[in-house]
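As structure tokens, the structure follows; a few thoughts come after it.
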Amino acid sequence: MEFIVTTELDKALPKNIDFNFEELKAGLSESLEKYRGTLVTPDTVKEAKADRAALNKLKMAVDKKRIDIKKQYMTPYNEFEEKVKELLSMINEPIMEIDGQIKALEEKKKEEKLKALLDFYGANIKGLRDFIPFEKLFDKRWLNSTCKLVDATQEMLSIIEKADNDIKIIHAMRLENEDQVLDAYLKDLDISAALAEKNRFEEQQKKLSAMKKAENIARASNPEASSIIESTAEELKEATNTIKVIFYDTTEAFRHAMRDLCHQYGIKYGGIR
């Protein structure tokens, strides 16, 4: 089946649409000359409005001719286009039917691949199931037709093995804040995030230790000195940068020792009251 246009467009369509362009252009140039540099004043506004109306009328007459010619010129094309659209609609009907069936088959393949991935997960996740749900491992790219099942399962196994090794490393550290470190790791299975949480906690413990040392120094330096720690124990555990301690009634020796300790452990020294 071949699309054959029997109208010889080279012969049917004019090469040019000729009209007295040069004559009209010359006539307009002459007649419009008087409007160049027109100055409208309160006294001439009435005449200016009349000129504007006449010029608009002339412009509309010229443009109407353009519209008429375009309509005549486009009529055969518009009729041709409507017929072609009807043919396209006929062709598109079976395309849509075939496309729907292809998509249904592709969706079925995705469902089968997803089930295979779930089965593989269940067989390999073992003791990590409570830590790492399938959704955290799953990459939707694995369902693409360009990704083979064997490649997807190998990627999943690599993630599981790495996670298992990382979690064993965290357990081996025997950290006081192991639960928090594990939570930080499991958020994105990122060992660097876990180590950052470990370091944050250790830094916090150093500051708490420095605070206790400073309090002991205060008591040893002046038995009558009283110390007020303006944070509860829970607040101190959650603090990350600032621990505020205020000491009263201290000796000069204590103040020097306190300042040195603050500098040593990165605690802001705010003076003595």
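The values are calculated or read from the model by the stated rules, or taken from the named source; none is laboratory data. Since the model is a prediction, treat every value here as computed from it, not as a measurement. Surface areas here come from the heavy atoms of the whole protein model, side chains and all, with no ligands, DNA or RNA. Shrake-Rupley method; radii C 1.70, N 1.55, O 1.52, S 1.80 Å.
Evaluate the Kirkwood expression for the hydrodynamic radius of segment 10-73, namely the inverse of the mean inverse distance over all pairs of different C-alpha atoms, and round to one decimal in Å.
Numbers: mean 1/r = 0.0686 Å⁻¹.
Every distinct Cα pair counted, the radius reaches 14.6 Å.
Bridging of LYS25 to lysines at a Cα separation below 18 Å is possible for LYS34, LYS57, LYS59, LYS64, LYS65, once same-chain residues fewer than 8 apart are set aside. Note on segment 1-156: with neighbouring protein chains present and a 1.4 Å probe, carbon and sulfur make up 59 percent of its accessible heavy-atom surface.
On average, how much area does the Cα convex hull of segment 77-143 cover when viewed from any direction, in nm²?
On the way: hull surface 26.8 nm².
So the mean shadow area of the Cα hull is 6.7 nm².
Which aspartates and glutamates have a Cα lying under 15 Å from the Cα of LYS71, excluding residues fewer than 8 positions away in the same chain? Here the aspartates and glutamates satisfying the reach criterion relative to LYS71 are ASP63, GLU79, GLU81. Can you bin segment 62-220 into rounded, prolate or oblate? Criterion: square roots of the alpha carbon gyration tensor eigenvalues sorted a ≥ b ≥ c, rounded for a/c under 1.5, prolate for a/b above b/c, oblate for the rest. Because a/c hits 1.5 or more and a/b fails to exceed b/c, segment 62-220 counts as oblate. In units of the rule-of-thumb radius 2.2 N^0.38 Å, segment 51-98 shows an alpha carbon radius of gyration of 2.11.
Kindly report the accessible area of segment 53-105 per residue (heavy atoms of protein chains, probe 1.4 Å, no ligands, DNA or RNA), in Å². It would help to have the intermediate numbers written out before the result.
Working: 4920 Å² over 53 residues.
With the other protein chains kept in place, segment 53-105 gives 93 Å² per residue.
For segment 125-201, lysine pairs with C-alpha atoms less than 27 angstrom apart, excluding pairs fewer than eight positions apart on the same chain, total 21.
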